[in-house]
Amino acid sequence: MERDKQSSQPLSDSELQRHPLNHESEPGKRRFKANPDFVLREIAGEAVLIPVGEAGIFENSLISLNDTCSFLWKLFQTPRTAEDVISQAKEEYEDPEGEMEQGIYSFIEDYVKYGLLKEE
Amino acid sequence: MERRVWMRPVTGVQKFEANEYVAACHDWNTVYKFTCDAGGGAWGDVYTQDGTNLTEGRSRYYHACGTTHEASTQDDFISGYYIQNGGNDKTGDWTWWGWEDYEKIPVIIWTDNGTDVHCTTNLDQDSWETTKS
């Protein structure tokens, strides 16, 4: 259905979802939390995630995290948005290459994809 | 506070193959201390539960040797019974009131790989003493 600026017809659900002012669908506003079925432990100086519940694809696996991964995982122990985490990361890390934000978005995307982070 | 330098978040996943082969430590060299004592030395015949006479024949009979043998736990131990009949292969006899079966004394039989017949009246195999040969 064609619309114009004067149209007073209400938007459908899908149209509302795509509306630029609808921030609810933006990653920056969505909150994520670490999956409680994985706990972070330090073993032999290395940060690893240990499956303690439903491990899914990580059955019989050892998940090792580098320093920044470990930092992000700890932040997500409480529900946070990507903006929260970026803000915290900027206080903790210098970002000479300018890769921090994209790196955090990728982290969230990958961890959600593999069930390590859950959207609240 | 000095800040650290941001590094790309990296997650490493190492998958382990579950070892389904459990090496069970089988007691191949464990033996029972099997004491041949059924009947107390009186002559008789030994039968398996299906009635097979392991000491059939006029010249064959069983009597307890009283020796404690080392019987491998892997050997066969047969449930049967001992009849104190002097080794005459009879399972009973006629009396003035009719045929009467001889008493069947339950035993566990060890044949030492078919070379002999030893019997014990201790039917609880779990209680048998074991040792390493």
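Give all pairs with beta carbons closer than 7 Å in which a residue from region B:6-33 that is facing another protein chain (nearest Cβ under 7 Å) and over 18 Å from B:Asp76 (Cβ atoms) meets a residue that is in a loop (DSSP other than H, G, I, E, B) and at pLDDT 80 or above; count only pairs at least 6 apart in sequence or on separate chains.
So the pair list comes out as B:Trp6/A:Asp95; B:Trp6/A:Glu99; B:Met7/A:Asn66; B:Arg8/A:Glu99; B:Pro9/A:Asn66; B:Val10/A:Asn66.
Just to confirm my filter: which strands (runs of 3 or more DSSP E) fall fully inside region B:70-133 and include at least 2 residues that are without any contact (Cβ under 8 Å) to a residue 60 or more places away in the chain?
Per the criteria, B:77-83, B:92-95, B:98-101, B:105-110.
Quick check, is A:Glu97 acidic (Asp, Glu), part of a loop (DSSP other than H, G, I, E, B) and open to solvent by 50 Å² or more (accessible area, probe 1.4 Å)? If you could, list the steps in order and put the result at the bottom.
On the way: acidic (Asp, Glu): yes; part of a loop (DSSP other than H, G, I, E, B): yes; open to solvent by 50 Å² or more (accessible area, probe 1.4 Å): yes.
Spelling it out, A:Glu97 is indeed acidic (Asp, Glu), part of a loop (DSSP other than H, G, I, E, B) and open to solvent by 50 Å² or more (accessible area, probe 1.4 Å).
Check whether at least one residue in region A:27-34 is over 17 Å from B:Val10 (Cβ atoms) and modelled with pLDDT under 60, and report yes or no.
yes
Look at region A:77-93 and say how many of its residues are farther than 14 Å from B:Pro9 by Cα and outside any helix (DSSP H, G or I).
5
Just give me the residues in region B:34-51 being open to solvent by less than 80 Å² (accessible area, probe 1.4 Å), part of a loop (DSSP other than H, G, I, E, B) and in contact (Cβ under 8 Å) with a residue 12 or more places away in the chain, in sequence order. Steps first, answer last, please.
From region B:34-51, those open to solvent by less than 80 Å² (accessible area, probe 1.4 Å) are B:34-42, B:44-48, B:51; that's our starting set.
Narrowing further to those that are part of a loop (DSSP other than H, G, I, E, B): B:36-37, B:42, B:51.
Answer for region B:34-51, where residues must be open to solvent by less than 80 Å² (accessible area, probe 1.4 Å), part of a loop (DSSP other than H, G, I, E, B) and in contact (Cβ under 8 Å) with a residue 12 or more places away in the chain: B:Cys36, B:Asp37, B:Ala42.
For region A:35-74, give me the residue count where each residue is modelled with pLDDT under 90 and aliphatic (A, V, I, L, M).
Final tally of qualifying residues: 7.
Scan A:Glu46, A:Glu54 and give me the residue that is more than 22 Å from B:Trp6 (Cα to Cα), open to solvent by 70 Å² or more (accessible area, probe 1.4 Å) and more than 8 Å from chain B (Cβ to nearest Cβ). So that I can check it myself, show each step before the final result.
Values: A:Glu46 fails: more than 22 Å from B:Trp6 (Cα to Cα).
On inspection, the qualifying residue turns out to be A:Glu54.
Only one of these is free of Cβ contacts under 8 Å to residues at least 12 places away in the same chain and more than 7 Å from chain B (Cβ to nearest Cβ): A:Asp95, A:Asp84. Name it.
After ruling out the rest, the residue left standing is A:Asp84.
The values are calculated or read from the model by the stated rules, or taken from the named source; none is laboratory data. Model, not experiment: these values are computed from the prediction. Cβ sites come from the backbone with ideal geometry, for glycine too, and all protein chains shown count toward neighbours. In case anyone asks, the SASA skips ligands and DNA or RNA and just uses the protein heavy atoms, side chains included. Shrake-Rupley method; radii C 1.70, N 1.55, O 1.52, S 1.80 Å.
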